[in-house]
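**Student:** Starting off with a structure, shown below.
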Amino acid sequence: MAKYVIDIETTSAVDITACGSWVYAEHPSTKVLCLAYADADSQDPPKVISVADKDAAEELPKVIGMLLSAERLIAHNANFEREVLRELNPAFGERGRWIDTATLCGMVGRPRGLKDACKSLLFPADKQKDTRGVRLIGMFSCQGRKGYKLPEQAPAEFAEFCEYCRQDVTAEREIYQKLIPHIDPYVLGQHDLDFQITDNGVPVDFAEVLGASKLYGRLQSEAEDLALKITGGAPMRSTKALREWTASKGWPLESFSADAVDAALNDEFMCSSHPDVAEFLELRKAASGTAGKKYDAILAMVAKDYRCHGVLVSRAAHTGRYAGRGLQPQNLPRGTFDKNLIPVIRDIAKRASRDDSLEDSLIDLEMVAGARSCGALTTIIRDCITPLKSDECLVVSDYSAIEARVLAWLAGESWVEDIFAGDGKIYERTAAAMYGKSIESITKQERMAGKISTLALGYGGGLGAFSRMAAAYGINFDDEAAQGIMDSWRNSRPKTVSLWRSLDTMVKTAVESGKAYVKLKNTQLEATAEQVAGRNVLTITIPSGRKIFYWSPKTVRLENGRAEVVVESYGSTGDNYAGLTPEAEGAHYSKLYGGKLTENIVQAIAFDVLLGSLFKLNARGLNIAFHVHDEIVVVCKRLSAEKVADTMRADMTQPPAWARGLVLATEPEIVDRYRK
């Protein structure tokens, strides 16, 4: 059966970047303007059907039938095509028919965006994404925007728009043809799983979100107005003006970052001697919170069924991990307001959703929370995720210390594995090993040192990593103490330290000779120099059989004669190497070393464990609302909640066949509202 690459261009009154493809697709103003398609396995020029061409438009039903009879439909960010075309014919929503080329790019460590993906794969100019898109989308797709036109009002430009659509298919087909031979068929099943979770959606308490958004907006506006009065008109976001104002008040501040504001407010002398500065800083803290934007993002994504769909971005990291979109469950603020008062704040927010109750709700909120009203609203953001039916609940289950468990299993650190198989007191027993003491005699300070070491040092981190982690817990060690703790931790984990060195040697050998192995107590890793899409790639095959891809690997010699492997990267700033320029536009080179490889491999294995559990739970028919790193959230009937929790515990703690001996633990929690 044939496979087709397709792309559509649309017009709508709603902003897809804010509301996501699900809400965009179901909005009555959204219409398809043109559809381009091509045989996925050929080089034939793509065909385009345009609504402006009446003769071509009459062929649309025939083309729709042809596409629906295909073995697979392929698109870039395929949720968009799937959801928009499903409005034309529900059969387009069937999960077994789609492949997403953006996800394919993520699977092999390339940027997910079509333009950047094509550049990173060094496609020739005729296979790149058309750069005219932004201008043409603004002209034909964005109803209500200045310069918006109907196709018949600008026929020449609309013809360009159709060619732009055709070129997208050309670029997407090139990605598919170049990458699909390197994709494990098992991994393709993730497409269908992702679509199922997208369809399930994240249920939210719409009234609570709407009311909280209104309250937060008013509080921020009032805080900004009052701050202007206190400072005599100094703009709240002008650092220069605020420096001058605080200096004029006798308490000069150089920075107004969140940490600097908190530090100043924690200074009792400043608060008592300069109350006007303290009041301003409290107002700035309230007005600078991000909870209002988070509520607005959730509101924009709420569909007709009162769920947010498409909140996860598949394969956002080359290790396999997801990112978030809109609601972004990975980045929900926790808040610090009194948890006992959360039901009260929730009820106030719900009342505020009614316009005639907003003023009274503001008064009630300030009576309960006072100056911490914004903080109270921040605390209930997670609380907004809740089943829509009174006879339903959430079952939340996250893996306990999964990265630490995987690291111990991978390195073959037997005594650490034994801890996880026993009482699980990894921080206490780590401290005991570091200090040479019995677990019963470990102090709180020593336990904290064990915890920070476990979290900060497993991937070869030095003093900087340890100190940053300690600071995050409000603890400061001097360099001598930190060095002593780090040395003790490494001495207690000889096989972990050995793993860093073995992986470093493995990649250097593979880059030079083409292949290398590392045999470990519980498994084996393999590094191979390969060609993908005509480019040099270093792959690491992890125990599940999946590969992690590192592009354009090279060996560089430092001035001290030491050899390092560097690879092409995107995102964070890379390392500078004289005379070494990446082939791909926008890329940089980053060092690939034992600790970094350990981190990547451990996170990839942890992801594969989670993915395996998602497959099992989905196959059992459980309603997975979303997942976050090492956590799975399911919606179920209250009457079956205990059974669902038992199922999740059993499935999630059973290691995959490729990870025999890996000790996993989770303890599902049954809740009415998400609060993790």
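The values are calculated or read from the model by the stated rules, or taken from the named source; none is laboratory data. Bear in mind the structure is a predicted one, so any value in this text is a computation, not a measurement. Neighbour counts are summed over all protein chains in view; Cβ atoms, including those assigned to glycine, are modelled from backbone coordinates with ideal geometry. Note: areas computed on protein heavy atoms with side chains; ligands, DNA, RNA excluded. Shrake-Rupley method; radii C 1.70, N 1.55, O 1.52, S 1.80 Å.
**Student:** Let me spell it out: the conditions are (1) closer than 23 Å to VAL84 by Cβ; (2) surrounded by fewer than 18 Cβ atoms within 10 Å (Cβ to Cβ); (3) in contact with a Lys or Arg (Cβ under 9 Å, 6 or more places away or on another chain), and TYR164 meets all of them except one. Which number is the exception?
**Tutor:** That leaves (2) as the condition not met.
**Student:** Name the single residue, out of those in segment 617-629 being in contact with a helix residue (DSSP H, G or I) (Cβ under 9 Å, 6 or more places away or on another chain) and open to solvent by 10 Å² or more (accessible area, probe 1.4 Å), that is modelled with the lowest pLDDT.
**Tutor:** The selected residue is HIS629.
**Student:** For LYS437, are the conditions met, namely being free of Cβ contacts under 8 Å to residues at least 40 places away in the same chain and either closer than 17 Å to GLY595 by Cα or in a loop (DSSP other than H, G, I, E, B) (or both)?
**Tutor:** Spelling it out, LYS437 is indeed free of Cβ contacts under 8 Å to residues at least 40 places away in the same chain and either closer than 17 Å to GLY595 by Cα or in a loop (DSSP other than H, G, I, E, B) (or both).
**Student:** Any residue in segment 7-19 that is at pLDDT 95 or above sitting within a Cβ distance under 8 Å of a residue that is in a strand (DSSP E or B) and open to solvent by 50 Å² or more (accessible area, probe 1.4 Å)? List the pairs, counting only those 6 or more apart or interchain.
**Tutor:** These pairs meet every condition: THR10/LYS31; THR11/LYS31; SER12/LYS31.
**Student:** While we're here: Check off (1) at pLDDT 85 or above; (2) open to solvent by less than 50 Å² (accessible area, probe 1.4 Å) for ALA449 and give me the number that stays unchecked.
**Tutor:** Among (1) at pLDDT 85 or above; (2) open to solvent by less than 50 Å² (accessible area, probe 1.4 Å), ALA449 violates only (1).
**Student:** So, of the residues in segment 171-205 that are in contact with a helix residue (DSSP H, G or I) (Cβ under 8 Å, 6 or more places away or on another chain) and aromatic (Phe, Trp, Tyr), which turns out to be modelled with the highest pLDDT?
**Tutor:** TYR176
**Student:** Any residue in segment 62-73 that is under 22 Å from MET139 (Cβ atoms) and either of a type outside the set (Phe, Trp, Tyr) or open to solvent by less than 60 Å² (accessible area, probe 1.4 Å) (or both)?
**Tutor:** No, segment 62-73 contains no residue that is under 22 Å from MET139 (Cβ atoms) and either of a type outside the set (Phe, Trp, Tyr) or open to solvent by less than 60 Å² (accessible area, probe 1.4 Å) (or both).
**Student:** Can you confirm whether ALA604 is crowded, with 21+ Cβ neighbours inside 10 Å and farther than 17 Å from GLY460 by Cβ?
**Tutor:** No: the conditions fail for ALA604.
**Student:** So if I check each of LEU219, LEU253, which one is open to solvent by less than 60 Å² (accessible area, probe 1.4 Å) and either of a type in the set (S, T, N, Q) or in a loop (DSSP other than H, G, I, E, B) (or both)?
**Tutor:** LEU253 is the lone residue from the list that is open to solvent by less than 60 Å² (accessible area, probe 1.4 Å) and either of a type in the set (S, T, N, Q) or in a loop (DSSP other than H, G, I, E, B) (or both).
**Student:** Scan segment 452-478 residue by residue and report those that are open to solvent by 30 Å² or more (accessible area, probe 1.4 Å), within 23 Å of LEU597 (Cβ to Cβ) and hydrophobic (A, V, I, L, M, F, W, C).
**Tutor:** LEU455, LEU463, MET469
**Student:** Across segment 531-544, which residue is surrounded by the fewest Cβ atoms within 10 Å (Cβ to Cβ) among those that are out of contact with any His (no Cβ under 8 Å at 6 or more places or on another chain) and part of a strand (DSSP E or B)?
**Tutor:** Only one residue fits best here, namely GLN531.
**Student:** Report yes if ARG284 is of a type outside the set (Phe, Trp, Tyr), part of a helix (DSSP H, G or I) and either modelled with pLDDT under 85 or surrounded by 12 or more Cβ atoms within 10 Å (Cβ to Cβ) (or both), otherwise no.
**Tutor:** For ARG284, the condition - of a type outside the set (Phe, Trp, Tyr), part of a helix (DSSP H, G or I) and either modelled with pLDDT under 85 or surrounded by 12 or more Cβ atoms within 10 Å (Cβ to Cβ) (or both) - is met.
**Student:** Evaluate the following for ASP116: is it open to solvent by 10 Å² or more (accessible area, probe 1.4 Å), more than 22 Å from the chain's Cα centre (by Cα), acidic (Asp, Glu) and over 23 Å from ARG307 (Cα atoms)?
**Tutor:** no
**Student:** Quick one: how many residues across segment 545-560 are within 30 Å of PRO656 (Cβ to Cβ) and either part of a strand (DSSP E or B) or over 22 Å from the mean Cα position of the chain (by Cα) (or both)?
**Tutor:** 7
**Student:** Examine segment 18-26 for a residue that is open to solvent by 60 Å² or more (accessible area, probe 1.4 Å) and either of a type outside the set (Ser, Thr, Tyr) or touching a His at 6+ places or on another chain (Cβ under 7 Å) (or both), and state whether such a residue exists.
**Tutor:** Within segment 18-26 (the criterion being open to solvent by 60 Å² or more (accessible area, probe 1.4 Å) and either of a type outside the set (Ser, Thr, Tyr) or touching a His at 6+ places or on another chain (Cβ under 7 Å) (or both)), the answer is no, since none of the residues qualifies.
**Student:** Find the residue count for segment 630-676, including only residues that are open to solvent by 40 Å² or more (accessible area, probe 1.4 Å) and in contact with a Leu (Cβ under 8 Å, 6 or more places away or on another chain).
**Tutor:** The qualifying residues number 5.
**Student:** Something else about it: If VAL51 satisfies every condition in (1) farther than 22 Å from CYS308 by Cα; (2) modelled with pLDDT of 90 or more; (3) open to solvent by 10 Å² or more (accessible area, probe 1.4 Å); (4) in contact with a Leu (Cβ under 9 Å, 6 or more places away or on another chain) but one, which is the exception?
**Tutor:** So the condition that VAL51 fails would be (2).
**Student:** Would segment 22-40 turn up any residue that is among the charged types (D, E, K, R) and assigned to a helix (DSSP H, G or I)?
**Tutor:** yes
**Student:** Being crowded, with 17+ Cβ neighbours inside 10 Å and under 15 Å from THR11 (Cα atoms): is that true of GLY133 here?
**Tutor:** In short, yes.
**Student:** Need the failing condition index for PRO235 against (1) of a type outside the set (D, E, K, R); (2) open to solvent by less than 40 Å² (accessible area, probe 1.4 Å); (3) not in a helix (DSSP H, G or I), just the number.
**Tutor:** (2)
**Student:** Right, here's the next one. Considering segment 479-529 alone, what residues qualify as being under 19 Å from TYR550 (Cβ atoms), charged (D, E, K, R), open to solvent by less than 50 Å² (accessible area, probe 1.4 Å) and not in a strand (DSSP E or B)?
**Tutor:** Selection gives ASP504 alone.
**Student:** Go through the residues of segment 406-420 one by one and say whether even a single one is open to solvent by 20 Å² or more (accessible area, probe 1.4 Å), β-branched (Val, Ile, Thr) and either assigned to a helix (DSSP H, G or I) or over 28 Å from ILE624 (Cα atoms) (or both).
**Tutor:** No, because not a single residue in segment 406-420 is open to solvent by 20 Å² or more (accessible area, probe 1.4 Å), β-branched (Val, Ile, Thr) and either assigned to a helix (DSSP H, G or I) or over 28 Å from ILE624 (Cα atoms) (or both).
**Student:** Which pairs turn up if I take residues in segment 100-120 that are in contact (Cβ under 8 Å) with a residue 60 or more places away in the chain and look for partners that are β-branched (Val, Ile, Thr) and open to solvent by less than 10 Å² (accessible area, probe 1.4 Å) with beta carbon separation below 6 Å, at least 6 apart in sequence or on another chain?
**Tutor:** That search, which allows pairs on different chains as well, returns THR101/ILE175.
**Student:** From the list ALA154, ALA212, ALA207, which one is aliphatic (A, V, I, L, M), touching a residue at least 12 places away in the same chain (Cβ under 8 Å), surrounded by fewer than 21 Cβ atoms within 10 Å (Cβ to Cβ) and closer than 30 Å to PRO329 by Cα?
**Tutor:** ALA207
**Student:** Exactly one of these conditions fails for GLY217: (1) within 29 Å of ALA472 (Cβ to Cβ); (2) touching a residue at least 12 places away in the same chain (Cβ under 8 Å). Give me its number.
**Tutor:** Checking GLY217 against (1) within 29 Å of ALA472 (Cβ to Cβ); (2) touching a residue at least 12 places away in the same chain (Cβ under 8 Å), the one that fails is (1).
**Student:** If I filter segment 586-626 down to residues being out of contact with any His (no Cβ under 9 Å at 6 or more places or on another chain) and of a type in the set (Phe, Trp, Tyr), which single residue comes out as nearest to THR198 (Cα to Cα)?
**Tutor:** Among them, the one singled out is PHE626.
**Student:** I've got another one for you. Please tell me if ALA606 is among the aliphatic types (A, V, I, L, M), farther than 20 Å from ARG325 by Cα and more than 19 Å from the chain's Cα centre (by Cα).
**Tutor:** The answer is no for ALA606.
**Student:** For segment 309-355, give me each residue that is among the β-branched types (Val, Ile, Thr), crowded, with 21+ Cβ neighbours inside 10 Å and in a loop (DSSP other than H, G, I, E, B).
**Tutor:** Scanning segment 309-355 gives a single hit, VAL311.
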